[in-house]
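Below is one structure, written out as structure tokens, with a few remarks after it.
No value in this document is a laboratory result; all are computed from the given coordinates. Model, not experiment: these values are computed from the prediction. Using ideal geometry, Cβ is built from the backbone for each residue, glycine included, and neighbour counts are taken over all protein chains shown.
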Amino acid sequence: YRITNENRLLFGSATAITEYIPSDLKKWNRQLMLKIFPYLENVHIDLAWGGPMECSATLFPQIGNHPEHKNVFFVQGYSGFGVTPSHVISQVVADGMMEGSKYWDVISAIPKASVWGKEHFKSLLLTTAKFIHQLEGYANGRR
């Protein structure tokens, strides 16, 4: 989560192990939010959104230009960590669009490795990766 410039709480989370989209995103997010912020029980949620998770091989957001259209920029593969780095990555992309920057040069140069089988086995791969991530957390004392 983070606080926006408008003093709003931006709260995000991914499904714990299996890859699915909850049917009532406001209710689902409220349950997660109240585990961390129980005193926000009566706060109105203005907006909730969700969709399939896109993961990169490095679990770090990928940025770059379209190879055939240099004025088309992209950000993809937040890997379930979108809320935290989105404002920083967005600034890097904006700087890259305007005049370039050393941060744009470094981050856009990170190799964009393909994940084998992603077209056909996306749900299975994501569920397996989430399960392994959760097991590592428990093994390291995160509950």
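Okay, here's what the table says:
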| quantity | calculated |
| --- | --- |
| Qualifying positions in region 36-54 - assigned to a helix (DSSP H, G or I) and either touching a Gly at 6+ places or on another chain (Cβ under 9 Å) or over 22 Å from SER79 (Cβ atoms) (or both) | PRO38, TYR39, LEU40 |
| Inter-residue pairs, beta-carbon under 6 Å, first touching a residue at least 12 places away in the same chain (Cβ under 8 Å) and in region 36-60, second of a type in the set (S, T, N, Q) and in a loop (DSSP other than H, G, I, E, B), 6+ apart | CYS55/SER79; SER56/SER79; LEU59/SER79 |
| Filter result (over 20 Å from the mean Cα position of the chain (by Cα) and surrounded by 13 or more Cβ atoms within 10 Å (Cβ to Cβ)) within region 21-44 | LEU34, PHE37, LEU40 |
